[in-house]
Each structure stands twice: as structure tokens, then as C-alpha cells.
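What follows is a single structure, written as C-alpha cells, with notes after it.
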Amino acid sequence: MYLLEAHNVHVLGSGEEVIILAHGFGTDQSVWKHIIPHLVQNYRLIIFDNMGAGTTSPEYFDFDRYSTLNGYAYDILAILEELQVVSCIYVGHSVSGLIGCLVSIEKPHLFSKMIMISTSPRYLNDVDYFGGFEQEDLNQLFGAMQSNFKAWVSGFAPLAVGADMDSMAVQEFSRTLFNIRPDIALSVAKTIFQCDMRDVLPHVTVPCHILQSNKDLAVPVVVSEYIQENLGGRSIVEILPTEGHLPQLSSPDIVVPVLMRHIRGNI
């Protein structure tokens, strides 16, 4: 029970099929607020907060455990075990797409399919790989977070969402970012932006649906193509006519029908 309380786990709906919604960096389960009403009638939904989100207690955040994505993967495995889930559809946004990959490698039978939204295995450019950032870019990002977190959020949120400060989606993302303790936010950002999970992809055998905004500051379109080419199982990519890293928050009218189609359909 402590586990479910620590992650603010909620189970909604009463359908036969189970869907788990996993949020990305800087947000919490509220990022799915436009999606949930369309799923709750026909599915049993599991929503939760990754440790470190502003809605979780900072005292539970273990800096060593969450210095790699494995710590988050073990949390999801434990949540699904606690809820006695034997099979589900996994929807992972941003870094949670990769966390889902780790879970699926550990226990492939747990996921009938994975849906990744705005996911990248590596944010840094490399030889023959375009991730979108140089190390100097990331150093500046980390420095800005450390020197004045509030000012960094005010600048980062509109860029990430792809809209101006007046946008409801930007205000919502700013709110969930501000909720995170700054030292935890910096630690999580370093874990995510410095990770290289490309070698994990060939071991993923669960069918994967990859959804991606046409324009995303953090994830270039070519990254989705790279993921598809390197996954070990069947996969499909759909590029959405949206802008920003959080299309489920900023463009739900476009994302909802696409997501529903991928939940119901097979590759």
C-alpha cells in the first residue's frame, strides 16, 4: 500500500483491458487530463506519478536509485505487481517511453503493446546520430536550472510546449515544473538528457507505436525514425501535425483520435 500511496496511484474505469499512462519529465499524471475521459468508459486505467514529480514527497526521492532510468522501471514493475496486472497496454510520454522499454525487456508478457509519445533514446548528437543537442547546449540548460530555477522554467516551458506564455498548456506545464524541488528537477534532467539508451532498442520485442510531433524542440522527427529502425520487434511511426513536446496537453483534439486508433489497432 505504501508503494501505491507514494506514487499517487489511481485506478479508474472498469473495462476488461488495462492501460497504464506514464508521464514524462516536468509533469505528473495531470498531463493526461484531456485523454482520460476518452478511455475511462471502455478501459481500466492506471495513472501514477514518477518519483520526483512535484506531487510526490521529496523524502522518497533516492538520488542514487534515480540516477539511471532503471529505478523508474523497477517502480512500474512493482506497481503492476501490486495491482496484480498480468497484461496491459503501456502509453509512455517522453522519457517514460524508454522506461517502458526497460520494463518490457524485463517482462515482455506484461505489455500487449507500447505506445511512445515524444520519446528519444539519446538527446545528444553523436557520429551518424542527430539527437538535437550538443553538450554545450545541455551544460547551459543545467546551469540555468541551477542558477535561477524560476527563470529557467519561464523560458523553458514555452519552448518545450511550442506556444507562448498565455497558452493554457504552457501555464499547465509551468505549474507542474514549478512544483518540483529544484535540486530534484536538476538531477532528473541530467539523468534524462545525458542518457544513451540506443543499445536497449534491439532488445524490445513488444509491438511499438511511435507518435511524434512534426516539430519538437527536444525530439527531432528523425529520432522517431531511428527508434523504428532499431527496435527488435514490430513498430509503426505516425508524425502528428502538432508542435511541441507535450501534444497530449497542447493539441488534445489532434492527439485523442490518433491515440485511440493506435490503442485499438494492431501493427
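No value in this document is a laboratory result; all are computed from the given coordinates. What you see is a predicted model; the values in this text were computed from it and never measured. Cβ placement follows ideal geometry from the backbone for every residue including glycine, while neighbour counts extend to all protein chains displayed.
Within the same chain, aspartates and glutamates fewer than 8 places from Lys215 are excluded, and of the rest, those with a Cα less than 19 Å from its Cα are Glu134, Asp137, Asp164, Glu225, Glu238, Glu243, Asp253.
Per residue of the chain, the DSSP helices (runs of n ≥ 4 H) give a summed -39500 (n - 2.57) that works out to -12000 deg cm²/dmol at 222 nm.
Between Val222 and Ser147, the simple label model (points 7 Å from Cα in the Cβ direction) yields a spacing of 3.1 nm. Entry note: the stretch 2-264 has Rg to Rh equal to 0.93, where both radii use alpha-carbon atoms and Rh is the Kirkwood radius. Loop-located trypsin sites (Lys or Arg not before Pro) in the stretch 169-267 (DSSP state other than H, G, I, E, B) with a sparse environment of at most 10 neighbouring Cβ atoms within 10 Å are absent. Here the relative contact order of the chain, from alpha carbon pairs under 8 Å that lie six or more residues apart, stands at 20 percent.
Taking the Cβ-Cβ separation of Val11 and Gln135 as r and a Förster radius of 35 Å, what is the calculated FRET efficiency to the nearest 0.05? My answer for the efficiency is 0.25.
Straight-line reach from Lys150: taking Cα to Cα under 14 Å and skipping same-chain neighbours fewer than 8 places apart, the aspartates and glutamates in range are Asp183. Under a model in which nothing but the beta-carbon of Lys, Arg (+1) and Asp, Glu (-1) is charged, the chain shows a dipole of about 500 debye around its Cα centre. Spin-label pair Ser67-Phe178: with each label point 7 Å from Cα along the Cα-Cβ axis, the two points sit 3.3 nm from one another.
Measuring between their Cα centroids, the stretch 57-98 and the stretch 182-235 lie 16 Å from each other.
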